[in-house]
């Protein structure tokens, strides 16, 4: 049975633990509307998808077969060069993807997320791992050197793809490659971050303002290892990582709430288990559990992590628990535990900023951010 037929809308309601343990995600309707439409080029129709598909033929035959069938860095760089030529052709012909075209990509990602149910993957959605891809592709930004971020999608290349923090993200990259082949005109950076937006919105979270404009880069633009959080560390480490990107303490805590989604795997990070009873529902349960449950160190052969004393089925990482221990972090975590709407607002703003790190303003196709329609709205 397809996961998509089991959608249920209940955005603002708390998720009972019993319901949260099911492998089916609960969907929620969008409450906010966004009226700004991107201006369409003169003479453009409702959608240029067919045209883009034709332009994309350059990468599905001949050299294109090698590009798509090879995992080598040279093949990926060749693919980037070919797509750059396609982009130049579009620009010369004055053809630009419309918001409607990006909405079609979003809708296809929704279908991909739902395939996890039939594949018996984790808790029934690929949403958490797709969000992690968008997050890790963006979180490499360094404001002092203006390097990293989502602009070049350099996780396509080694060694960045093999960085320890990116273990397991080959799952998400493979999923997104399916979408890329259907919409060859979209850049990987736009595709991956749009996937993150889709995951949050489709799993009951807030609307995430987003816009396209990222370009594909080359291996030489890969970032060094060590720019993503190390879950074994403490508060100062979190500050070092997120201050480097330009975030403050409130935003660090807001972004940490993304751990409402997903679970850790011993064959990836070494850690094990979900953070919440509802790992495919975006809610403030992560913050509530931090304060409501008693957390003890798990006795096992794996890395140091905490588990809830009552059920022994949940986990928290050292970098999660510092939100309770650190005075500045704690005051924001307490606010979010009490007020989900407040967290949704701060989370949406922070994630939107995260996904735009490293992208020059001149590249955006719109001066205004867009709000993509969720599947419930369609």
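Some notes on this structure:
- Using a Förster distance of 51 Å, the FRET efficiency for residue 300-residue 369 (Cβ separation, nearest 0.05): 0.70
- Chain lengthening between residue 158 and residue 376 when straightened (0.36 nm per residue, less Cα-Cα): 74.7 nm
- Within the range 243-265, backbone nitrogen closer than 14 Å to the virtual label 7 Å beyond the Cα of residue 328 toward Cβ: 243-254
- Packing-based order for 334-341, 274-281, using average beta carbon neighbours within 10 Å, highest first: 274-281, 334-341
- Using a Förster distance of 30 Å, the FRET efficiency for residue 250-residue 309 (Cβ separation, nearest 0.05): 0.55
- Taking every C-alpha pair closer than 8 Å and separated by at least 6 residues, the mean separation divided by the residue count of the range 158-305 gives a relative contact order of 19 percent.
- Three-way shape call for the range 158-253 based on the alpha-carbon gyration tensor, with the a/c threshold at 1.5: oblate
Each value in this text was obtained by applying a stated rule to the coordinates, not by laboratory testing. What you see is a predicted model; the values in this text were computed from it and never measured. Note: ideal-geometry Cβ built from the backbone for every residue, glycine included; neighbour counts use all protein chains shown.
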